[in-house]
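Engineer: I have a structure here, written as structure tokens, and I will follow up with some questions on it.
The values are calculated or read from the model by the stated rules, or taken from the named source; none is laboratory data. Treat the numbers as computed from the prediction; the structure is a model and nothing was measured. All Cβ positions, glycine included, derive from the backbone under ideal geometry; neighbour counts span all protein chains shown.
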């Protein structure tokens, strides 16, 4: 039988004030909330080792339903830029009023289609 290894135990804070905050909507991200790492520069556009931010899954879904990878890489590669986008800003203001554990299905692609 192999010896037990010292495995680090993740310490979960008891106080909700100690939870990380979603930089997009400003709500705390408790351990039970659906969450995701968002690459500020998409991996497909060279951001594999670039900066990431921890966000609620619903916020992440909305970002990717509104903006293309190219738009994210060129114009919306900071938290400030994402929050200043008109449609995303409205969404983040709306979801900021919800419970930190709130999640719902994204309605789908909000991007404008190019005429053929």
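Engineer: Name the pairs whose Cβ atoms lie under 8 Å apart, with the first residue in region 98-116 and on the phi > 0 side of the Ramachandran plot and part of a loop (DSSP other than H, G, I, E, B), the second modelled with pLDDT of 70 or more and surrounded by 10 or more Cβ atoms within 10 Å (Cβ to Cβ), and 6 or more positions between them or separate chains?
Structural biologist: 108/65
Engineer: Condition test on residue 62, is it touching a helix residue (DSSP H, G or I) at 6+ places or on another chain (Cβ under 6 Å) and more than 21 Å from residue 103 (Cα to Cα)?
Structural biologist: No.
Yes or no, residue by residue, for (1) closer than 28 Å to residue 17 by Cβ; (2) modelled with pLDDT of 95 or more; (3) touching a strand residue (DSSP E or B) at 6+ places or on another chain (Cβ under 9 Å):
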residue	(1), (2), (3)
50	no, no, yes
59	yes, yes, yes
78	yes, yes, no
92	yes, yes, no
105	no, no, no
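Engineer: Counting only residues that are in a loop (DSSP other than H, G, I, E, B) and in contact (Cβ under 8 Å) with a residue 24 or more places away in the chain, how many does region 21-45 have?
Structural biologist: The total comes to 14.
A quick yes/no check of all residues on (1) in a loop (DSSP other than H, G, I, E, B); (2) at pLDDT 95 or above; (3) surrounded by 15 or more Cβ atoms within 10 Å (Cβ to Cβ):
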position: 47; (1), (2), (3): yes, no, yes
position: 53; (1), (2), (3): no, yes, yes
position: 83; (1), (2), (3): no, yes, yes
position: 89; (1), (2), (3): no, yes, no
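Engineer: Here is a follow-up. Can we say residue 11 is more than 22 Å from residue 109 (Cβ to Cβ), over 11 Å from the mean Cα position of the chain (by Cα) and modelled with pLDDT under 95? Can you show your working first?
Structural biologist: Numbers: more than 22 Å from residue 109 (Cβ to Cβ): yes; over 11 Å from the mean Cα position of the chain (by Cα): yes; modelled with pLDDT under 95: yes.
Here the answer is yes, as residue 11 does meet what is asked.
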